Amino acid sequence: MIGQRVTRQRVAIAELLEDVEEFRSAQQIHQMLQQRGQEIGLATVYRTLNAMAEQGDLEVLLQPTGEHTYLRCEPRSAHHHHLVCRTCGRTVDVAAPELEQIVEALATSHDFTDVEHSIDFLGTCQDCARA
């Protein structure tokens, strides 16, 4: 966390995100903090989430509505993607070696190296599809 102060707010947000298994918006995280008795302003939640994402501590998913949502994955875990239910937010980490091969082939065919990517898949989980 070079350059990042460890504040009470940052610790509270990090602890909350340890218990969250789905992508959540800043507003949802703010509301969950309030339910835990944490008095943290919404602007502080936004700033902290953005800083944590820039540090690589959180993954960010842009929803079709344009809203950013956040999830804490295992620290520096192996590269993976997500299947995200657009109804309930259920999130599943998935390794996709086939996708990695496609990305590598695209990079090679266009003379690119050191290509990074982030691909998440939105769909409907089985529970929500049945409902």
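The values are calculated or read from the model by the stated rules, or taken from the named source; none is laboratory data. For clarity, every value in this text was computed on a predicted model and none was experimentally measured. Here the Cβ positions follow ideal geometry from the backbone for every residue, glycine too, while neighbour counts run over all protein chains shown.
All of THR65, THR113 fail the test of being in a loop (DSSP other than H, G, I, E, B), at pLDDT 85 or above and in contact with a helix residue (DSSP H, G or I) (Cβ under 8 Å, 6 or more places away or on another chain), apart from THR113. Anything in the stretch 86-110 that is hydroxyl-bearing (Ser, Thr, Tyr), more than 27 Å from CYS125 (Cβ to Cβ) and surrounded by 11 or more Cβ atoms within 10 Å (Cβ to Cβ)? List them, or say none. Selection gives THR108 alone. Taking first residues from the stretch 1-22 that are in the same structural domain as MET52 (by TED's automatic domain parsing) and partners that are surrounded by fewer than 16 Cβ atoms within 10 Å (Cβ to Cβ) and modelled with pLDDT under 90, the Cβ contacts under 7 Å between residues at least 6 apart in sequence or on separate chains come to MET1/GLN55; GLN4/GLN55.
Tell me, which residue of the stretch 10-33 that is surrounded by 20 or more Cβ atoms within 10 Å (Cβ to Cβ) and not in a helix (DSSP H, G or I) is modelled with the lowest pLDDT? Looking at residues that are surrounded by 20 or more Cβ atoms within 10 Å (Cβ to Cβ) and not in a helix (DSSP H, G or I), I get PHE23. Against the test of being at negative phi, in contact with a helix residue (DSSP H, G or I) (Cβ under 9 Å, 6 or more places away or on another chain) and in a helix (DSSP H, G or I), the options THR48, THR87 yield a single qualifying residue, THR48.
With respect to (1) touching a residue at least 24 places away in the same chain (Cβ under 8 Å); (2) out of contact with any His (no Cβ under 7 Å at 6 or more places or on another chain); (3) surrounded by 11 or more Cβ atoms within 10 Å (Cβ to Cβ), the lone exception for PRO64 is condition (3).
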